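Participant: Let me give you the structure first, and then I'll get to my questions.
The values are calculated or read from the model by the stated rules, or taken from the named source; none is laboratory data. Values in this document were obtained by computation on a predicted structure and should not be read as measured data. No Cβ is skipped: glycine too gets one built from the backbone with ideal geometry, and neighbour counts run over all protein chains shown. Side chains included, ligands, DNA and RNA excluded: accessible areas come from the protein's heavy atoms. Shrake-Rupley method; radii C 1.70, N 1.55, O 1.52, S 1.80 Å.
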Amino acid sequence: IVFFLGVFELQKKYLIKTEEAEEAHREKERFREISAFTSSVAHEIKNPLNSLSLLLELLQKNVPADTKDDVALGKAELQKIARIIDWFSDSLKPLRPNKETAPLREIVTAAHDALLREAPKPEVEWRYSESRPVFLNGDKNLLVQCFLNLLRNAYEATDRGTVSVEAEKRRKKIFVRVSDTGRGIEPDRLSRVFDPFFTSKDKGMGIGLYLARKIIEAHGGRIGVESPPGRGATFTIQLPGGRHE
């Protein structure tokens, strides 16, 4: 009986590993398809945009003075579209972190300060806690961007309540939880929150959480999300290494 139980457990673990490998392969295939599609669309759109931009530049020099501002506005809008397309294209390129040692508190604080400059929300309480000062070996700019995206998502989901970041080191891993007491994520959307271009917001392009996951994975880590009904959402990050002061 013990022998067969052991064989059963080994087979179960093998099947789980096989399923995880297949899912990783499917994810890579989806990424390749999205990357190829986005690059093609960006190329097709950027060409006419460049032509329109040149045309507006010529018009700006020759139109009457009272219409120059309108032409300048049109040119600015075209440049905004071009920046968005570049952003989409850049988001699908492989990341190569430039690693350095930095305090986690400093990284999270920089992200939080940047977010409050964008949209202050005094009715939401902010908390940061760590068992002891934690230092990460990673790309500081990328990690700030990652936490900025996660905190933005948390604040947008919380009208009143609390947004918090908790960090701890267990053995050779760092665990960081970004939590909010907002409206949470609907169960049918939970498995798709990290998908590129997936969003439930009226405004937004569905890139923030995708980039957050991409940055964490580029650092050899993992990120997951839980959202019990009526209890907000918690994103849990697991990163290798790190150290205490």
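Participant: Order the following by accessible area, largest value first: Arg152, Arg222, Arg213. Probe radius 1.4 Å; ligands, DNA and RNA are ignored.
Facilitator: Solvent-accessible surface, decreasing: Arg222, Arg152, Arg213.
Participant: Just to verify a number: what accessible area does Val193 come out at with the full protein assembly present, 1.4 Å probe, Å² rounded to tens?
Facilitator: Val193 exposes around 20 Å² with every protein chain in place.
Participant: Mind pulling the angle between the C-alpha long axis of helix 208-218 and the longest principal axis of the chain? Nearest 10 degrees, somewhere in 0 to 90.
Facilitator: Taking Cα atoms only, the helix is inclined about 50 degrees.
Participant: In region 61-79, which residues have a backbone nitrogen under 13 Å from the label point lying 7 Å from Asn50's Cα in the Cα-to-Cβ direction?
Facilitator: Output list for this probe position: empty.
Participant: Quick one: angle between helix 68-91 and the longest Cα principal axis of the chain, in degrees between 0 and 90, rounded to 10, please.
Facilitator: Roughly 20 degrees, rounded to the nearest 10.
Participant: Of Thr162, Asn149, Ile174, which is farthest along the charge dipole of region 142-184 in the positive direction, counting Lys and Arg as +1 and Asp and Glu as -1 at C-beta?
Facilitator: Ile174
Participant: Identify, among Gly241, Tyr128, Ala114, the residue whose Cα sits farthest towards the positive end of the charge dipole of region 97-245, taking +1 on the Cβ of Lys and Arg and -1 on the Cβ of Asp and Glu, with the dipole about the Cα centre.
Facilitator: Final value for the positive-end residue is Gly241.
Participant: Using the heavy atoms of the protein chains and a 1.4 angstrom probe, tell me the accessible area per residue for region 52-161 in square angstrom.
Facilitator: Ligands and nucleic acids excluded, the result is 60 Å² per residue.
Participant: Of the listed values [x] 49, 41, 35; [y] 90, 42, 39; [z] 69, 48, 38, identify the label whose number matches Cα extents along the principal axes in Å calculated from this model.
Facilitator: [y]
Participant: Shifting gears a bit: Nearest 500 deg cm²/dmol is fine: what mean residue ellipticity at 222 nm does the chain get from its DSSP H runs of n ≥ 4 alone, each adding -39,500 (n - 2.57), divided by its residue count?
Facilitator: -19000 deg cm²/dmol
Participant: Cα gyration tensor of region 34-166, axes a ≥ b ≥ c as square roots of the eigenvalues: rounded (a/c below 1.5), prolate (a/b > b/c) or oblate?
Facilitator: prolate
Participant: Which value, in debye to the nearest 20, gives the size of the charge dipole of the chain about its Cα centre, when Lys and Arg are +1 and Asp and Glu are -1 at the Cβ?
Facilitator: It works out to roughly 820 debye.
Participant: Could you put Arg83, Arg189 in order of accessible surface area, largest first, with the 1.4 Å probe and the full protein assembly present?
Facilitator: Most to least solvent-accessible, the answer reads Arg83, Arg189.
Participant: Using protein chains only and a probe of 1.4 angstrom, how many square angstrom of Leu211 are accessible, to the nearest 10?
Facilitator: 20
Participant: Taking the Cα atoms only, what angle lies between the long axis of helix 2-62 and the longest principal axis of the chain, rounded to 10 degrees?
Facilitator: 10
Participant: Over the chain, with every protein chain in place, what whole percent of the accessible area is carbon and sulfur at 1.4 Å, could you tell me?
Facilitator: Summing carbon and sulfur atoms, their accessible area is 55 percent of the total for the chain.
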